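The values are calculated or read from the model by the stated rules, or taken from the named source; none is laboratory data. Values in this document were obtained by computation on a predicted structure and should not be read as measured data. Using ideal geometry, Cβ is built from the backbone for each residue, glycine included, and neighbour counts are taken over all protein chains shown. Side chains are part of the model used for accessible areas, which takes the heavy atoms of the whole protein and leaves out ligands, DNA and RNA. Shrake-Rupley method; radii C 1.70, N 1.55, O 1.52, S 1.80 Å.
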Amino acid sequence: MRIPKTLHFLLYITGLIAFQEIALRICFPIPEIENFNRINYQILASSNNKPSYIRNVKMLWKSSLDTESDYIYDLNTYGYRDKNWDLEKDKNKKRIMFVGDSFVEGMMADVDETIPSGFVEAANKEGDKIEAMNFGMMGIGLNEYIKLIVDAVPLFKPDYVFLVMF
């Protein structure tokens, strides 16, 4: 018995859609918390034409006064310069949340030169197992830090919160 051409076409389309869905979920993961995003804490949040989300993007930073180099930062699913975070923390590691401005975020520095990365490296040398979360954002103030801490601490349940102010 031969399979009709329309069935072949439908199977092909179904397979193509399934492949696209899987590929896009791998390339663009959906965060565990949909409404938690960096844009909610930026000072420009009062603007009417702000984007809804900043996630899974590369951010370009140029400063001709400081250096002739361009810096490209990968932002995670919540819009922060760090790896993607799970809500459930590793039971074998202490979770430390770093909140602060561009010094915590690591503006004009490589990702392994940020304050949270340096903290992890120093802890590893001492034999401590920690997970450091980089919640640094350039150009925000104390009110935004407080809003971020109030929202993020119950979600991610860190063992310690370091507020770095410069």
Q. Restricting segment 129-164 to residues that are surrounded by 13 or more Cβ atoms within 10 Å (Cβ to Cβ) and aromatic (Phe, Trp, Tyr), which is farthest from residue 37 (Cα to Cα)?
A. 162
Q.
Please go through segment 113-128 and give me each residue that is of a type outside the set (A, V, I, L, M, F, W, C), closer than 22 Å to residue 91 by Cβ and open to solvent by less than 80 Å² (accessible area, probe 1.4 Å), ordered by number.
A. 116, 127
Q) Of all the residues that make up segment 126-158, how many are of a type in the set (A, V, I, L, M, F, W, C), in a helix (DSSP H, G or I) and touching a residue at least 40 places away in the same chain (Cβ under 8 Å)? A) 6
Q) Is there any pair with a first residue in segment 106-125 that is without any contact (Cβ under 8 Å) to a residue 24 or more places away in the chain and under 19 Å from residue 163 (Cβ atoms) and a second that is assigned to a helix (DSSP H, G or I) and open to solvent by 70 Å² or more (accessible area, probe 1.4 Å) whose Cβ atoms are under 7 Å apart and which are 6 or more apart or on different chains, and what are they? A) 117/111
Q. Is it the case that segment 108-128 has a residue that's closer than 19 Å to residue 33 by Cα and either acidic (Asp, Glu) or out of contact with any strand residue (DSSP E or B) (no Cβ under 8 Å at 6 or more places or on another chain) (or both)?
A. no
